[in-house]
Amino acid sequence: MSPQPATAPILSGSVPPLAVGFQPRQETGFRLADGLRPGETFLLVSAAAGDAGGMTADGGVGGTGKTQLAVGFAHALWSSRAVDLLVWVGAASRTAIVAGYAQAAADLGLTVADETADDAAQRFLDWLRRTSQPWAVVLDGVAAPPDLDGLWPKGPAGQVVVTSGLRAAELEGPGRVAYGVPGFSRREAVGYLNSRLVSFPDQRIEALDLAEDIDGLPIAIAQAAAVIIVTESTCREYRAEYAQRLRTTAPAIIDGCPQSLLATWSLAVEYAHEMPPTGLAWPALALAAVFDTGGIPAAVLTSPAACSYITGRPDAGAAQQNQVRAAYATLEQLGLASVDSANPARTLWLHGTVRASVRAYLAPGSVDQVVQAAAAALLEAWPESGASSELSQALRDCTAALRVFAGDLLWKPEAHPVLLRAGMSLAEPPVLADAAIGYWQAMASACGHLLGPGHAQAVLARDRLADSYAAAGRLAEALSAIEAALADRERALGPQHPDTVAARVNAARSLAAAGRTPEAIALYEQAVAARERLFGPAHRETLAVRAQLAAAYSTAGRHGDSLRLHEQTLGYAERELGPLHADTMTARANLAGVHLAAGQRREAVVGYQRVLADRERASGSDHLETLTVRAQLANAYRLAGKLKEAVAEYERVLADRSRVLGEDHPDTITARGNLAFAYRTAGRLKEAVPQYERVVADRSRLLGDDHRDTIASRAILAAAYQQARRMREAIEAYERAVADGDPVLGAGDVEALTTRCNLAVAYAEAGRLAEGVKLLRGALADCEQYLGPRHPMTGAVRDQLRAASK
């Protein structure tokens with residue numbers, strides 16, 4: 001089941017603004033705005049030569065209004081509330097598509113903590129296939145067919161609309177219908193001009209002739225109408241000016257931009273440049289033209305670097321920002337751009353043909369200047385952290401467009417910092433793991449070729465590539481890249497350089513993750529010694545590596561060494577930093593955790609009690625770190641068999657988190673589940689079950705019934721019912737968990753298989769043995785197929801089936 005109807009309707013992504021004077025185009029718009037057509041996929045592509053319906057003479061040109069038709073479709077669905085979910089995705093790259101899908105998954109509450117954007121995107125596509133709620137997805141500006149491999153949205157309840165400059169044959173497939181979008185029909189063109197030109201009756205004389213001169217291209221007609229309005233002239237006067245300009249621009253050939261549009265564009269630019277603030281329209285347009293057409297963030301356009309470039313003043317301030325905003329408003333007034341001032345992430349939209357025309361007319365000597373200004377503007381606008389996923393993707397899109405346009409200009413004398421910032425943003429939640437691998441592979445190759453393999457940026461690129469491999473779970477490749485980076489640093493900087501030590505720590509971490517613990521320990525030990533020499537034994541960097549080494553000792557079964565190291569770390573921290581320093585309290589909590597893992601529960605309880613007292617003294621009882629330590633103490637009490645004390649602490653944690661964070665915060669809901677488990681462990685089932693029921697209700701309301709956390713909570717509730725001998729309710733809850741979980745988790749998921757087996761046991765306990773045996777047989781088949789015949793889960797299910805079949 002999908003998220004609750006109370007959360008609908010949901011709009012995900014940034015829908016471009018409707019053009020001034022937008023018309024639904026009843027003759028050439030395929031009646032797209034009339035409503036949802038579930039199960040259909042529309043491909044809006046450029047009309048081929050000879051396609052009937054519009055006035056455009058030649059096929060394959062831009063400016064026929066494909067995106068605006070999709071915008072009209074989106075606005076019609078949204079205003080009529082015809083869908084519960086509307087998703088608009090700028091589809092200029094595979095990365096942008098995955099990011100858009102991941103954002104939609106987050107908006108639907110489908111995401112799982114710490115999962116990659118790639119996983120979230122697939123979860124979103126799965127939801128589309130299963131849901132009965134009406135939805136629509138628009139993929140605007142698809143640039144390459146491979147970008148959609150494995151990413152085509154499908155589902156019986158929704159419609160997909162794709163816009164693209166590609167040929168229909170490149171995108172067609174099962175269930176997809178291509179429509180070549182021509183220009184306006186004569187009736188539509190005249191209707192548009194009549195609706196815009198209302199200053200005086202004679203203004204519209206020869207409107208049809210003007211439309212035919214311009215071949216019915218919507219964007220060209222819009223620019224012509226804008227010039228006529230601004231100059232208070234007529235269609236007849238504009239036709240004469242247009243004819244003269246057409247002769248001037250005829251020698252210029254711009255791919256995808258017909259001569260008629262080039263003429264209207266040049267006239268519009270000329271008039272815009274003369275309007276106040278005089279002289280700023282062209283540099284403003286030039287700067288915008290090196291970015292992405294699918295929406296440029298406002299912070300980029302009004303950054304100090306952008307304002308300095310546009311106004312020509314190095315000391316650009318608030319007054320210059322206002323001038324820049326006025327310049328872009330002028331461009332919008334002349335039909336050269338669209339502005340959505342309510343959207344900080346996608347504020348300025350530029351048509352692809354306008355961008356191509358501007359780039360073609362940029363003076364060669366000014367290209368480097370605008371490229372450097374644009375790169376600096378992006379860097380100034382990019383938050384160090386905390387950017388929304390939509391803003392991050394808009395900045396990445398703009399950087400990618402700039403990178404393609406600029407070529408080697410962004411590599412003088414080395415990679416511009418914005419190229420590194422764009423790559424680093426791929427590792428910010430939600431992590432675009434696959435995209436990051438491709439990006440850093442390209443950056444590492446370019447750095448090695450242009451700068452040399454020992455250059456700091458080349459080493460950094462390999463480090464980031466290794467991190468990307470690790471984030472994607474490709475540990476062998478991550479380790480190979482990390483070891484190469486470590487060897488390069490040792491060779492170029494020496495074994496004791498701080499950067500070399502940092503690379504050694506990364507290599508140790510990857511070795512530990514790959515299960516090569518002895519090798520990891522050797523590197524960690526070297527790193528600890530180096531950090532102590534560089535920073536001292538109580539420095540945060542030293543303490544962090546000590547903790548990682550201690551964890552590796554525990555993994556290797558060297559619990560004594562682990563405990564000794566934690567005790568030393570705590571001693572250093574207490575002497576150098578004081579008992580109430582945050583790092584000291586963290587060290588004490590880590591030591592308590594080691595005691596607990598080693599079965600030394602009394603020592604663990606004493607350690608957590610001390611940390612809790614210190615945290616309360618240093619930060620107060622309501623601080624989040626204090627609440628976390630209290631929960632750790634409650635867990636230690638429970639494991640030590642002190643159930644009365646454990647329950648009291650769990651109750652306090654729930655009360656505090658409810659008060660400080662609110663009833664609906666994920667940590668509060670987790671605290672409620674922990675309290676329920678403590679009640680259950682203490683045999684207080686009458687108190688446990690209502691808490692479990694509340695957890696299920698809260699997660700269902702906030703996340704939806706098909707969220708992994710809701711499914712898991714329902715299965716736990718079923719087990720509590722079963723323990724309380726409330727078998728009818730237990731079976732109902734198990735059945736619901738299986739029905740919701742199998743489509744979401746997959747037939748081979750261990751949690752889904754465990755829930756099915758628990759349901760089979762419940763059937764058997766309720767006297768429904770045949771149903772239990774049948775369910776176990778299916779579970780065993782799935783275990784053998786997905787987990788393998790030797791997996792522990794497979795053996796456990798086989799034993800259960802054998803026992804049930806006797």
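The values are calculated or read from the model by the stated rules, or taken from the named source; none is laboratory data. Note that the coordinates shown come from a computational prediction; the quantities given were computed from them, not determined experimentally. Neighbour counts run over all protein chains shown; Cβ positions are idealised from the backbone, glycine included. Please note that ligands, DNA and RNA were not included when accessible areas were found on the heavy atoms of the full protein model with its side chains. Shrake-Rupley method; radii C 1.70, N 1.55, O 1.52, S 1.80 Å.
Annotations
- Qualifying residue in segment 331-347 (condition: surrounded by 24 or more Cβ atoms within 10 Å (Cβ to Cβ), within 30 Å of residue 46 (Cβ to Cβ) and of a type in the set (Lys, Arg)): yes
- Leading residue by the ranking (modelled with the lowest pLDDT) among those in segment 38-60 that are among the hydrophobic types (A, V, I, L, M, F, W, C) and open to solvent by less than 20 Å² (accessible area, probe 1.4 Å): 47
- Restricting attention to segment 76-99, the residues that are in a helix (DSSP H, G or I) and either small (Gly, Ala, Ser) or within 24 Å of the chain's Cα centre (by Cα) (or both) total 9.
- Tally, over segment 111-125, of residues that are in a helix (DSSP H, G or I) and either within 14 Å of residue 433 (Cβ to Cβ) or aromatic (Phe, Trp, Tyr) (or both): 7
- Filter result (open to solvent by less than 30 Å² (accessible area, probe 1.4 Å) and either more than 16 Å from residue 708 (Cβ to Cβ) or assigned to a strand (DSSP E or B) (or both)) within segment 126-140: 128, 131, 133, 135, 136, 137, 138, 139, 140
Residue-by-condition table, conditions (1) outside any helix (DSSP H, G or I); (2) open to solvent by 60 Å² or more (accessible area, probe 1.4 Å); (3) under 29 Å from residue 653 (Cα atoms):
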| position | (1), (2), (3) |
| --- | --- |
| 527 | no, no, no |
| 534 | no, yes, no |
| 560 | no, no, no |
| 563 | no, no, yes |
| 574 | no, yes, yes |
| 587 | no, no, yes |
| 614 | no, no, yes |
| 621 | yes, no, yes |
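- Contact annotation: residue pairs with Cβ atoms under 6 Å, 6 or more positions apart or on different chains, pairing a residue in segment 761-776 that is without any contact (Cβ under 8 Å) to a residue 12 or more places away in the chain and part of a helix (DSSP H, G or I) with a partner that is buried (at least 17 other Cβ atoms within 10 Å of the Cβ) and not polar (S, T, N, Q), are 771/763.
- Of 441, 393, all but one fail to be farther than 28 Å from residue 110 by Cα, touching a residue at least 24 places away in the same chain (Cβ under 8 Å) and not hydrophobic (A, V, I, L, M, F, W, C); the exception is 441.
- Figure legend. Inter-residue proximity from segment 7-30: first residues on the phi > 0 side of the Ramachandran plot, second residues among the small types (Gly, Ala, Ser) and part of a strand (DSSP E or B), beta-carbon distance below 8 Å, spacing 6+ or different chains. Indicated pairs: 13/90.
- Qualifying residues in segment 178-209 (those that are closer than 30 Å to residue 166 by Cβ and not small (Gly, Ala, Ser)) - the one most open to solvent (accessible area, probe 1.4 Å): 187
- Of the helices (runs of 4 or more DSSP H) lying entirely inside segment 397-514, those carrying at least 1 residues that are of a type outside the set (Val, Ile, Thr) and at pLDDT below 85 are 456-471, 475-493, 498-513.
- Top-ranked residue of segment 365-396 - restricted to ones that are hydroxyl-bearing (Ser, Thr, Tyr) and part of a helix (DSSP H, G or I), ranked as least open to solvent (accessible area, probe 1.4 Å): 392
- Contact map, segment 272-295: first residue within 21 Å of residue 68 (Cβ to Cβ), second residue open to solvent by 20 Å² or more (accessible area, probe 1.4 Å) and acidic (Asp, Glu), Cβ cut-off under 9 Å, separation 6 or more or different chains; pairs are 294/140; 295/340.
- Considering segment 178-203, and only residues there that are part of a loop (DSSP other than H, G, I, E, B) and free of Cβ contacts under 8 Å to residues at least 24 places away in the same chain, the residue that is farthest from residue 25 (Cα to Cα) turns out to be 200.
- When each of 334, 350, 280 is tested for being over 29 Å from the mean Cα position of the chain (by Cα), within 16 Å of residue 220 (Cβ to Cβ) and not charged (D, E, K, R), the lone residue that passes is 334.
- Hits in segment 576-585 - residues which are under 23 Å from residue 628 (Cβ atoms) and assigned to a helix (DSSP H, G or I): 577, 582, 583, 584, 585
- Qualifying residue in segment 407-421 (condition: small (Gly, Ala, Ser) and within 24 Å of residue 450 (Cα to Cα)): yes
- In segment 645-659, the residue that is farthest from residue 595 (Cα to Cα) out of those that are surrounded by fewer than 18 Cβ atoms within 10 Å (Cβ to Cβ) and touching a residue at least 24 places away in the same chain (Cβ under 8 Å) is 659.
- Of the residues 423, 454, 448, 438, the single one that is of a type in the set (Gly, Ala, Ser) and more than 21 Å from residue 503 (Cβ to Cβ) is 438.
- For segment 275-316, the candidate set comprises residues that are open to solvent by 20 Å² or more (accessible area, probe 1.4 Å), of a type in the set (Val, Ile, Thr) and in a loop (DSSP other than H, G, I, E, B); within that set, the residue that is farthest from residue 339 (Cα to Cα) is 278.
- Scanning segment 781-795 for residues that are among the aliphatic types (A, V, I, L, M) and either at pLDDT 90 or above or surrounded by fewer than 16 Cβ atoms within 10 Å (Cβ to Cβ) (or both) yields one hit, 781.
- Residue 212 being open to solvent by 40 Å² or more (accessible area, probe 1.4 Å) and either touching a helix residue (DSSP H, G or I) at 6+ places or on another chain (Cβ under 7 Å) or among the charged types (D, E, K, R) (or both): yes
- Test: residue in segment 100-122 that is modelled with pLDDT under 95 and in contact with a Cys (Cβ under 9 Å, 6 or more places away or on another chain): no
- Residue match in segment 355-364 (condition: more than 23 Å from residue 274 (Cβ to Cβ), part of a helix (DSSP H, G or I) and either open to solvent by less than 10 Å² (accessible area, probe 1.4 Å) or out of contact with any strand residue (DSSP E or B) (no Cβ under 6 Å at 6 or more places or on another chain) (or both)): yes
- Of all residues in segment 462-510 being aliphatic (A, V, I, L, M) and farther than 22 Å from residue 441 by Cβ, the one that is most open to solvent (accessible area, probe 1.4 Å): 493
- All positions within segment 68-105 that are surrounded by 21 or more Cβ atoms within 10 Å (Cβ to Cβ) and free of Cβ contacts under 8 Å to residues at least 24 places away in the same chain: 105
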